[in-house]
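Comments concern the structure below.
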Amino acid sequence: MLNCYYQPYQRRFKVPLKTSHGLWEIRQGIIIRLSDSEGNIGCGEIAPLSWFGSETWQQAWDFCQQLPPEITPETIYSIPSELPACQFGFGSAWETMTRGAEEQGSRGAGEQGSRGAGVGAIRESPLPENQKSLKSSGLLPAGAAAIQSLPILWHQGYRTFKWKISILPIETEISILHQLIANLPPSGLLRLDANGGLNSRQAKQWLRITDAWGDKIEFIEQPLPINQLESMFKLRNEHTTPLALDESVATIAQMAAVYHQGWRGIFVVKPSIAGFPWELRHFCQNHQIDAVFSSVFETEIGYNNALQLAADLKPQRAVGFGVNHWFEEEQGQL
């Protein structure tokens, strides 16, 4: 039997995150701790992103509340696919616990789990060596604020930058893009993320611009809504700028469906809302997808679990985990 403990948390963004889905001011989630009779401990995090297709925070909370204080591994394996963030949270806690103490100790998670894990103390533990080898992209603020932020993140070591579009009028954003490109050092790369907020005409307008910039633009992420996959196939074939799917491939089931429809472009993989970690690992290994692993603004616990899965799969592209500068420091105990 496994002792199961869970605790909700809230983290406030320093500045609300602007996307085509609206303003995001507070990240809510749930920290999970599992332990067994031998003193093994594993921590996980449920970090829902409902507008990406995961369960809501309330659905995750309701699921946790109906659990008894002691659960079995079968309880974890039977979490339904409608709760992909719960699958990853409990699944990664289970994997962390069963992997053994050596890896746990290398990042201090086991010690935190036994004396209280501060959910506001983000990523202060040393990273395992295979995580240190990963390159990460930094998230720029939307709009013109990105111009001032780019050199700051550059000096922090980032060489790839993600910028949200489809928030301001397209002419305004294209003007800002020209300034970003002008300020981008030769070895820098830009990723543009529309969060499905463009129509076909706007997407083509953006792609004509980015095609001209060549290798300065790594890709445009989810230009069209998820119900326009056929149009994204067409855009990919008509333009030289690579396209990445994000909202369209939020869960493992969606990844598999899109892959079997013939998508061989870039997959933006958010482990924390994708489902069970072992199923995600199996899918990525079996299909050799061109993956960009990305954060959903987790705390240290979820961040480390998601990043560890990415490190196991040795991605070629920079991972999208450069988001810590977006949060206020907060206090919490588990």
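Summed over the range 133-167, residues that are charged (D, E, K, R) and either buried (at least 18 other Cβ atoms within 10 Å of the Cβ) or not assigned by TED's automatic domain parsing to the domain that holds residue 297 (or both) total 2. Among the conditions (1) outside the structural domain of residue 185 (by TED's automatic domain parsing); (2) modelled with pLDDT of 55 or more, residue 121 misses just one, which is (2). Applying the criterion of being among the aromatic types (Phe, Trp, Tyr) and in a helix (DSSP H, G or I) to the residues of the range 170-221, the residue that is surrounded by the fewest Cβ atoms within 10 Å (Cβ to Cβ) is 213. Just to be sure, is residue 92 surrounded by fewer than 16 Cβ atoms within 10 Å (Cβ to Cβ), touching a helix residue (DSSP H, G or I) at 6+ places or on another chain (Cβ under 7 Å) and modelled with pLDDT of 95 or more? It is false that residue 92 is surrounded by fewer than 16 Cβ atoms within 10 Å (Cβ to Cβ), touching a helix residue (DSSP H, G or I) at 6+ places or on another chain (Cβ under 7 Å) and modelled with pLDDT of 95 or more. Considering the range 128-155, and only residues there that are modelled with pLDDT under 90 and among the polar types (S, T, N, Q), the residue that is nearest to residue 13 (Cα to Cα) turns out to be 131. A single member of 194, 291 is closer than 30 Å to residue 28 by Cα and touching a Ser or Thr at 6+ places or on another chain (Cβ under 8 Å), and it is 194. Comparison of 297, 267, 293 shows that the only residue that is outside any helix (DSSP H, G or I) and in contact (Cβ under 8 Å) with a residue 40 or more places away in the chain is 297. All conditions but one from (1) in contact (Cβ under 8 Å) with a residue 40 or more places away in the chain; (2) farther than 22 Å from residue 204 by Cα; (3) surrounded by 18 or more Cβ atoms within 10 Å (Cβ to Cβ) apply to residue 327; the one that does not is (3). Restricting attention to the range 163-173, does a residue exist that is farther than 26 Å from residue 258 by Cα, in contact with a helix residue (DSSP H, G or I) (Cβ under 6 Å, 6 or more places away or on another chain) and of a type in the set (A, V, I, L, M, F, W, C)? For the range 163-173, residues farther than 26 Å from residue 258 by Cα, in contact with a helix residue (DSSP H, G or I) (Cβ under 6 Å, 6 or more places away or on another chain) and of a type in the set (A, V, I, L, M, F, W, C): present. When the range 227-259 is limited to residues that are in a helix (DSSP H, G or I) and touching a residue at least 60 places away in the same chain (Cβ under 8 Å), the one that is nearest to the chain's Cα centre (by Cα) turns out to be 247. For first residues located in the range 133-157 and among the polar types (S, T, N, Q), partners that are part of a loop (DSSP other than H, G, I, E, B) and lie 6+ apart or on another chain with Cβ distances below 6 Å form the pairs 136/318; 137/318; 149/140; 149/141. The listed residues are 263, 278, and the only one of them that is surrounded by 16 or more Cβ atoms within 10 Å (Cβ to Cβ) and either of a type in the set (D, E, K, R) or more than 12 Å from the chain's Cα centre (by Cα) (or both) turns out to be 263.
The values are calculated or read from the model by the stated rules, or taken from the named source; none is laboratory data. Here the structure is a predicted model, which means the values were calculated and not measured. As a convention, Cβ positions derive from the backbone with ideal geometry for all residues, glycine included, and neighbour counts pool all protein chains shown.
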